[in-house]
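Enquirer: Before I ask anything, here is the structure I am working with.
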Amino acid sequence: MSAPDPRPVRLLVADDQALVRGGFVALLDAQDDIEVVGEAENGEQAVRMTRALTPDVVLMDIRMPVLDGLAATRMIADDARLADVRVVVLTTFEIDEYVFEAIRAGAAGFLVKHTEPADLLRAVRVVAAGDALLSPSVTRRLLTEFATHAKQPPPPAFADLTDREREVLTLVAEGLTNAEIAARLYLSPATARTHVSRILTKLAARDRTQLVVLAYESGLVRPGWQ
């Protein structure tokens, strides 16, 4: 007997433009491994529906009426009952004044609205799997901003990281997956995953994106890799 199919990624789409929202829904809901469980047309509705439906991923437009996507993202990230919900913010422009704050607020990543369909589908799956998502075209610029505007020394919890955990954190900040980290450090994938899990716990980080931010803000990693 074959194993049952894994549960599809449950998705909420929040965008105040009906045509844009409908396009996302039509594309995403047509996938066998993705199920659109709700649509919201403003930030307040997005928060309310997220609390009611607990989707795996929320695609959140930044500029929406009633409550903007930034405030909505912060409310979701601050709700302990929604700790497993991942928010991906959507922006019209690659350099968006709110993207920096959205990542700080707890977003797992961001995408520009003109992202190719295949990249959008990959993004939803990547975030649902627990990996960080930062649009490749702006990752370096965004992280340079974090490094440039670092205002605080590394949190005390950094002192609790082992040398190996610091090494793993550096690779997470470079965007490597657990499998890639395992290959780079000659570890088993399970060991790499355990290291990442311990780092998340020690630094009280919500997800891998927050680890990336902490690594850059602390100065552990600086922009400029090839």
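The values are calculated or read from the model by the stated rules, or taken from the named source; none is laboratory data. Being a predicted model, the structure only gives us computed values, none of them experimental. Ideal geometry is used to build each Cβ from the backbone, glycine not excepted, and the neighbour counts take in all protein chains shown.
Enquirer: Can you find, within the range 156-165, the residue that is modelled with the highest pLDDT among those that are surrounded by 15 or more Cβ atoms within 10 Å (Cβ to Cβ) and of a type outside the set (A, V, I, L, M)?
Expert: Going residue by residue through the range 156-165, those that are surrounded by 15 or more Cβ atoms within 10 Å (Cβ to Cβ) are 158, 161, 165.
Remaining after also requiring of a type outside the set (A, V, I, L, M): 158, 165.
Working: Phe158: 82, Glu165: 91.
This residue is Glu165.
Enquirer: Tally up the residues in the range 77-101 that are modelled with pLDDT under 75 and buried (at least 22 other Cβ atoms within 10 Å of the Cβ), please.
Expert: Matching residues across the range 77-101 total 1.
Enquirer: State whether one or more residues within the range 182-192 are within 19 Å of the chain's Cα centre (by Cα) and either surrounded by 22 or more Cβ atoms within 10 Å (Cβ to Cβ) or under 25 Å from Asp78 (Cα atoms) (or both).
Expert: Step one: list which residues in the range 182-192 are within 19 Å of the chain's Cα centre (by Cα), which gives none.
No - not one qualifying residue is present in the range 182-192.
Here is a yes/no grid of residues against (1) surrounded by fewer than 21 Cβ atoms within 10 Å (Cβ to Cβ); (2) over 17 Å from the mean Cα position of the chain (by Cα); (3) assigned to a strand (DSSP E or B):
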site: Val13; (1), (2), (3): no, no, yes
site: Gly22; (1), (2), (3): yes, yes, no
site: Val25; (1), (2), (3): yes, yes, no
site: Gln31; (1), (2), (3): yes, yes, no
site: Val58; (1), (2), (3): no, no, yes
site: Val66; (1), (2), (3): yes, yes, no
site: Met75; (1), (2), (3): yes, no, no
